[in-house]
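Participant: Before we start, here is the structure in question, set down as structure tokens.
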Amino acid sequence: MEYIKSKIRDVADFPAKGVLFKDLTTAFKDPRALHIIGWDLSQLYRDKGVTKVVGIESRGFIGGSILAFELGAGFVPCRKPGKLPADTIRQEYAKEYGTDVIEIHRDAITPDDIVVIHDDVLATGGTMAAAINLVKSLNPKKIYVNFIIELTALNGRNLLPSDVEVTSLIKY
Ligand code: AMP
């Protein structure tokens, strides 16, 4: 874990003044750190019968794909509006300024699925809460939620429903 941490870059004032951005690109480009991230993420879900990993656009696509591959599960993208080509369902959610929308294909998850929803960073939790709502509406057997990094000071977990298990590899 210390090795991964040593490869995460802090970028001050990105994308807005006052935000300390946890940049995982410096960990993803490092072969050993990428390997450890994939391995450690997958160890959390080895015996859970996971059938689909949902990755949230766009930084959640990287760890989510690796996790799906490691678990022998399928990968499902949760995307910004207008990006997915077939029939979608959508969820609006509040951002600091205004609202945002994410979408998922209506046929992406079925009631026999056991799902991990993955994103790179848990900040305020708004994005993940919306993704959970979307996936829940497709009635899978079980939903797990996972992040590489959790920014604990922002209390994002409080926004997530208590009936989903939330894990993160690294807490700051
Ligand atoms: P949230 O506030 O939890 O809805 O975060 C929204 C998205 O922004 C997440 O998918 C993260 O990828 C990203 N994000 C928010 N804050 C940070 C941060 N300080 N460092 C890196 N990524 C962040």
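Participant: Of all residues in the range 3-34 being more than 20 Å from the chain's Cα centre (by Cα), among the charged types (D, E, K, R) and away from the ligand (no atom under 12 Å from the Cβ), which is surrounded by the fewest Cβ atoms within 10 Å (Cβ to Cβ)?
Facilitator: Among those that are more than 20 Å from the chain's Cα centre (by Cα), among the charged types (D, E, K, R) and away from the ligand (no atom under 12 Å from the Cβ), it is Lys17.
Participant: Turning to a different aspect of this structure: Those residues that are surrounded by fewer than 18 Cβ atoms within 10 Å (Cβ to Cβ) and not hydrophobic (A, V, I, L, M, F, W, C), I need them from the range 39-56; list them, please. Working first, answer last.
Facilitator: Here is the first cut: in the range 39-56, the ones surrounded by fewer than 18 Cβ atoms within 10 Å (Cβ to Cβ) are 39-40, 43-44, 46-49.
Scanning the range 39-56 gives Asp40, Gln43, Arg46, Asp47, Lys48, Gly49.
Participant: Does the range 56-99 hold any residues that are modelled with pLDDT under 95, part of a loop (DSSP other than H, G, I, E, B) and not small (Gly, Ala, Ser), and which are they?
Facilitator: Result: Lys95, Glu96, Tyr97.
Participant: If you go through the range 43-55 one residue at a time, do you hit one that is over 30 Å from Glu103 (Cβ atoms), basic (Lys, Arg), away from the ligand (no atom under 16 Å from the Cβ) and not in a loop (DSSP other than H, G, I, E, B)?
Facilitator: no
Participant: Can you pull out the residues in the range 35-73 that are without any contact (Cβ under 8 Å) to a residue 24 or more places away in the chain and within 11 Å of the chain's Cα centre (by Cα)?
Facilitator: Once the filter is applied, which keeps residues that are without any contact (Cβ under 8 Å) to a residue 24 or more places away in the chain and within 11 Å of the chain's Cα centre (by Cα), the range 35-73 yields Ser58, Phe61, Ser65.
Participant: From the residues in the range 115-127 that are touching a Leu at 6+ places or on another chain (Cβ under 7 Å) and more than 6 Å from the ligand (Cβ to nearest atom), which one is farthest from Lys95 (Cα to Cα)? Full working, then the answer.
Facilitator: First pass over the range 115-127, keeping only residues touching a Leu at 6+ places or on another chain (Cβ under 7 Å): 116, 118, 120-126.
Filter once more, keeping what is more than 6 Å from the ligand (Cβ to nearest atom): 116, 118.
Working: Val116: 23, His118: 19 Å.
If we take residues in the range 115-127 being touching a Leu at 6+ places or on another chain (Cβ under 7 Å) and more than 6 Å from the ligand (Cβ to nearest atom), then Val116 is farthest from Lys95 (Cα to Cα).
Participant: Pairs only if they're at least six apart or on different chains, beta carbon under 6 angstrom, first in the range 1-16 and under 13 Å from Ile148 (Cβ atoms), second part of a strand (DSSP E or B); list them, first residue then second.
Facilitator: Listed pairs, sorted by first residue: Ile8/Lys22.
Participant: Kindly establish whether Thr99 is surrounded by fewer than 19 Cβ atoms within 10 Å (Cβ to Cβ), under 24 Å from Ile170 (Cβ atoms) and within 14 Å of the ligand (Cβ to nearest atom). Reasoning before the result, please.
Facilitator: Details: surrounded by fewer than 19 Cβ atoms within 10 Å (Cβ to Cβ): yes; under 24 Å from Ile170 (Cβ atoms): no; within 14 Å of the ligand (Cβ to nearest atom): yes.
Against the criterion (surrounded by fewer than 19 Cβ atoms within 10 Å (Cβ to Cβ), under 24 Å from Ile170 (Cβ atoms) and within 14 Å of the ligand (Cβ to nearest atom)), Thr99 does not qualify.
Participant: Follow-up question, since we're still on this one. Please enumerate the residues belonging to the range 1-42 that are over 21 Å from Val116 (Cβ atoms) and either part of a loop (DSSP other than H, G, I, E, B) or in contact with a Cys (Cβ under 7 Å, 6 or more places away or on another chain) (or both). Show your work before the answer.
Facilitator: Pass one, the range 1-42, residues over 21 Å from Val116 (Cβ atoms): 2-3, 5-21, 23, 25-26, 29-32.
Those that are over 21 Å from Val116 (Cβ atoms) and either part of a loop (DSSP other than H, G, I, E, B) or in contact with a Cys (Cβ under 7 Å, 6 or more places away or on another chain) (or both): Ile8, Asp13, Phe14, Pro15, Ala16, Lys17, Gly18, Val19, Lys29, Asp30.
Participant: For the range 128-147, how many residues meet the condition of being more than 16 Å from the ligand (Cβ to nearest atom) and either at pLDDT below 95 or not in a strand (DSSP E or B) (or both)?
Facilitator: Looking only at the range 128-147, we keep the residues that are more than 16 Å from the ligand (Cβ to nearest atom), and these are 136-144.
Add one more test, that the residue is either at pLDDT below 95 or not in a strand (DSSP E or B) (or both), and what stays is 136-141.
The total comes to 6.
Participant: Please go through the range 148-172 and pick out each residue that is touching a Lys or Arg at 6+ places or on another chain (Cβ under 7 Å) and more than 15 Å from the ligand (Cβ to nearest atom).
Facilitator: Hits for the range 148-172: nothing passes.
Participant: Here is a follow-up. Here are some conditions: (1) over 16 Å from Lys22 (Cα atoms); (2) in contact with a Ser or Thr (Cβ under 6 Å, 6 or more places away or on another chain). Lys171 meets all but one. Which one does it not meet?
Facilitator: (1)
The values are calculated or read from the model by the stated rules, or taken from the named source; none is laboratory data. What you see is a predicted model, and the numbers here were worked out from it, not measured in a lab. Backbone-built Cβ (ideal geometry, glycine too); neighbour counts: all protein chains shown.
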